[in-house]
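The values are calculated or read from the model by the stated rules, or taken from the named source; none is laboratory data. This is a predicted model, so every value here is computed, not measured. Glycine gets a Cβ as well: all are built from the backbone with ideal geometry, and neighbour counts include every protein chain shown.
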Amino acid sequence: MSDNKLTPTTPKNFTHKEIMVILGGLMSGMLLAALDQTIVSTALKSIVEEFDGLNHYTWVVTAYLLTSTASTPLYGKISDIYGRRVVFQFAIVTFLIGSFLAGASQNMEQLIAFRALQGLGAGGLMALTFVIIGDIVSPRERGRYQGYFGAVWGLSSVAGPLLGGFFSDRGELFGITGWRWIFYINLPIGIASLIVTSAVLHIPKVKREHSIDYLGALLMVSAVTFVLLSTAVFGPQNGWTDPRTVGYLVAGLILTVMFLFWEKRAKEPILPLYLFKNHTFSITSLLGAVIGAGMFGAIVMLPLYLQVVKGDSATTAGLKLIPLMLGIVTTSIISGKLISKHGHYKRFPVAGTLLMTAGILLMTRLQIDTPFWQISIYAVMVGAGLGLSMQTIVIALQNSIDFKDMGVATSSNTFFRSLGSVFGTAIFGSILTNRVGHYLESNFTQLATSNPAALNGFDMSKLEGISDNTAVLNTLPPEIKTTALEAFVSSFHIVFYAAAPVTAIGFLLALMLREMPLRTNKEYAEAKQDAAGEALG
């Protein structure tokens with residue numbers, strides 16, 4: 001079946017085998033986007049050294065996050081108009097071009113620009129994966145497949161740091177600088193995804209009269225960009241009261257108000273505001289943002305603790321995230337099968353957010369000498385909470401909306417989760433930096449009082465900038481190093497104490513979720529027919 005005009009009598013029912021093949025193409029595309037959120041961080045040191053670009057290094061990550069987050073809701077709306085496959089494949093091609101050019105970069109400016117291009121493609125990969133699976137599988141059956149998506153997230157959280165460390169530790173590989181392979185590795189995966197989706201992803205396109213809300217799109221992208229620049233870049237770097245931080249935030253909020261004002265009047269809005277009248281859409285959007293913040297708080301902070309406090313290499317820290325991955329994958333699969341079997345879904349995000357909150361609170365017990373088995377238990381709990389929650393709220397959302405709004409509603413949910421992850425990472429990172437400075441000062445003041453001999457002849461200026469360059473820790477005398485590490489441990493405790501109330505809010509939101517009967521294959525086919533009939537009528 002082609003992507004041509006759909007008639008009300010031609011819904012496409014996919015077999016389990018066809019769905020699994022399509023799933024392979026979707027997951028490879030999703031893996032590209034998820035992997036590039038984590039793979040670059042461990043290779044940044046090598047990149048900075050080659051390009052002498054320390055003053056711009058954060059932009060290598062931020063450029064990707066900005067464009068991927070801002071473009072996410074646009075893809076859903078555009079795919080509603082032009083069809084899923086062509087827009088998904090556009091996202092893959094954009095991502096691959098960005099990857100190739102990023103790998104071939106000759107300076108920091110080029111790398112930042114091409115990372116932004118990568119992010120533009122990644123926004124579509126993240127959003128449309130869930131939209132497409134929502135097109136081809138009914139909510140009642142979707143639980144059978146949700147574990148696979150959990151596996152992709154879990155795999156990327158471990159494989160990213162591992163691959164980044166592996167490639168960056170090698171001077172050259174096949175005659176090419178090691179760190180460049182973190183981008184080139186995307187090419188065969190992306191090409192495979194293109195081949196699979198071209199061969200099997202034939203979703204009928206409902207032909208509609210349409211107009212694109214260009215002004216709404218411009219206002220939304222601008223608003224998101226300004227807010228993210230304020231909260232994810234200038235706030236953590238320059239301080240939250242810095243004029244540039246405040247200026248960008250105010251500009252972003254003004255543009256947000258203008259966007260909302262315009263969307264009420266637009267003929268075909270980029271983000272239809274009537275969706276927020278849907279209780280499930282509103283709750284799952286907030287829940288997605290909370291889960292995003294908690295997820296990245298754990299995924300970023302735990303390996304940082306392992307590297308700074310435990311002294312693990314990036315590769316070893318990546319391997320030690322395997323318990324987190326196992327938690328995500330196991331509970332994603334189990335909850336998915338139970339949802340398909342019994343049709344009940346609310347219990348899973350309720351249990352998941354509670355379990356995630358408990359795991360994060362237990363991480364406040366981490367010390368310098370905490371054994372790995374204990375860390376593993378906490379990581380499994382957080383991962384299990386994510387696995388129970390992350391995909392389930394997408395099922396709840398897609399079950400509650402009209403079929404014609406599938407694309408824009410699903411991509412909006414992904415958008416809010418991305419926003420939560422960016423804000424969470426920025427705010428928790430800022431808390432960590434702030435508290436490290438505070439505890440270093442108080443700990444060494446206490447050491448000077450209790451054991452002044454330990455500081456005799458030690459140059460205290462060595463501690464300056466230690467929160468930015470933790471390699472200094474390895475050059476310190478034992479007692480001074482222990483005092484510094486205790487400052488980091490105390491700072492991580494504050495971060496986890498700050499993250500726990502966020503996920504606790506997620507628990508309260510999950511309790512507010514209204515459980516609705518999940519639509520079966522027959523009901524879903526009828527909803528598709530109705531949507532097609534409305535469009536043609």
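A few comments on the model shown:
- Any chance ILE97 is over 21 Å from VAL233 (Cα atoms) and touching a residue at least 40 places away in the same chain (Cβ under 8 Å): no
- Any hit, the stretch 439-449, residues being β-branched (Val, Ile, Thr) and not assigned by TED's automatic domain parsing to the domain that holds ARG142: yes
Every residue, every condition in (1) under 24 Å from the mean Cα position of the chain (by Cα); (2) surrounded by fewer than 21 Cβ atoms within 10 Å (Cβ to Cβ); (3) touching a residue at least 60 places away in the same chain (Cβ under 8 Å); (4) not in a loop (DSSP other than H, G, I, E, B), yes or no:
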| residue | (1), (2), (3), (4) |
| --- | --- |
| ILE328 | yes, no, yes, yes |
| GLY336 | yes, no, yes, yes |
| HIS344 | no, yes, yes, no |
| PRO349 | yes, no, yes, yes |
| LEU354 | yes, yes, yes, yes |
| ALA358 | yes, yes, no, yes |
| LEU362 | yes, yes, no, yes |
| ILE368 | no, yes, yes, no |
| TYR378 | yes, no, no, yes |
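- PHE114 being within 30 Å of VAL329 (Cα to Cα), touching a residue at least 12 places away in the same chain (Cβ under 8 Å) and within 20 Å of the chain's Cα centre (by Cα): no
- Some residue of the stretch 279-296 being within 28 Å of THR482 (Cα to Cα), touching a Lys or Arg at 6+ places or on another chain (Cβ under 7 Å) and crowded, with 20+ Cβ neighbours inside 10 Å: no
- Among the residues of the stretch 152-173, those that are at pLDDT 75 or above and either closer than 15 Å to LEU32 by Cβ or over 20 Å from the mean Cα position of the chain (by Cα) (or both) comprise VAL152, LEU155, SER156, ALA159, GLY160, LEU163, GLY164, PHE166, PHE167.
- For SER222, the test of being polar (S, T, N, Q) and either in contact with a Ser or Thr (Cβ under 7 Å, 6 or more places away or on another chain) or under 30 Å from PRO517 (Cβ atoms) (or both) is failed.
- Set GLY121, GLY103, GLY83: member being assigned by TED's automatic domain parsing to the domain that holds VAL408 and in contact with a strand residue (DSSP E or B) (Cβ under 6 Å, 6 or more places away or on another chain): GLY83
- Checking each residue in the stretch 438-473 for being under 34 Å from the mean Cα position of the chain (by Cα) and modelled with pLDDT under 80 picks out LEU463, GLU464, GLY465, ILE466, SER467, ASP468, ASN469, THR470, ALA471, VAL472, LEU473.
- Residues within the stretch 256-274 that are under 25 Å from the mean Cα position of the chain (by Cα) and buried (at least 20 other Cβ atoms within 10 Å of the Cβ), tallied: 3
- For GLY134, the requirement of being buried (at least 21 other Cβ atoms within 10 Å of the Cβ) and either in the same structural domain as SER340 (by TED's automatic domain parsing) or out of contact with any Cys (no Cβ under 7 Å at 6 or more places or on another chain) (or both) is met.
- Tallying residues that are closer than 22 Å to SER421 by Cβ and at pLDDT 80 or above within the stretch 230-270 yields 9.
- Within the stretch 475-499, residues that are among the polar types (S, T, N, Q) sit with their Cβ atoms under 6 Å from residues that are outside any loop (DSSP other than H, G, I, E, B), at 6+ positions apart or across chains, in these pairs: THR483/ASN443; THR483/LEU447; SER490/TYR439; SER491/LEU432; SER491/ARG435; SER491/VAL436; SER491/TYR439.
The rows are residues; the columns are (1) assigned to a helix (DSSP H, G or I); (2) under 22 Å from MET325 (Cα atoms); (3) hydrophobic (A, V, I, L, M, F, W, C).
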{"position": "GLN106", "(1), (2), (3)": "no, no, no"}
{"position": "GLU109", "(1), (2), (3)": "yes, no, no"}
{"position": "ILE112", "(1), (2), (3)": "yes, no, yes"}
{"position": "ALA116", "(1), (2), (3)": "yes, no, yes"}
{"position": "MET126", "(1), (2), (3)": "yes, yes, yes"}
{"position": "VAL131", "(1), (2), (3)": "yes, no, yes"}
{"position": "GLU141", "(1), (2), (3)": "yes, no, no"}
{"position": "TYR145", "(1), (2), (3)": "yes, yes, no"}
{"position": "GLY150", "(1), (2), (3)": "yes, yes, no"}
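- In the set VAL436, VAL408, only one residue is in contact (Cβ under 8 Å) with a residue 24 or more places away in the chain and touching a Lys or Arg at 6+ places or on another chain (Cβ under 6 Å); that residue is VAL408.
- Test: VAL309 is in the same structural domain as LEU432 (by TED's automatic domain parsing), aliphatic (A, V, I, L, M), modelled with pLDDT under 90 and surrounded by fewer than 24 Cβ atoms within 10 Å (Cβ to Cβ): yes
- The set of residues in the stretch 396-442 that are in contact with a helix residue (DSSP H, G or I) (Cβ under 6 Å, 6 or more places away or on another chain) and of a type in the set (D, E, K, R) comprises LYS404, ARG417, ARG435.
- Note on the stretch 166-179: residues that are surrounded by fewer than 23 Cβ atoms within 10 Å (Cβ to Cβ) and assigned to a helix (DSSP H, G or I) total 2.
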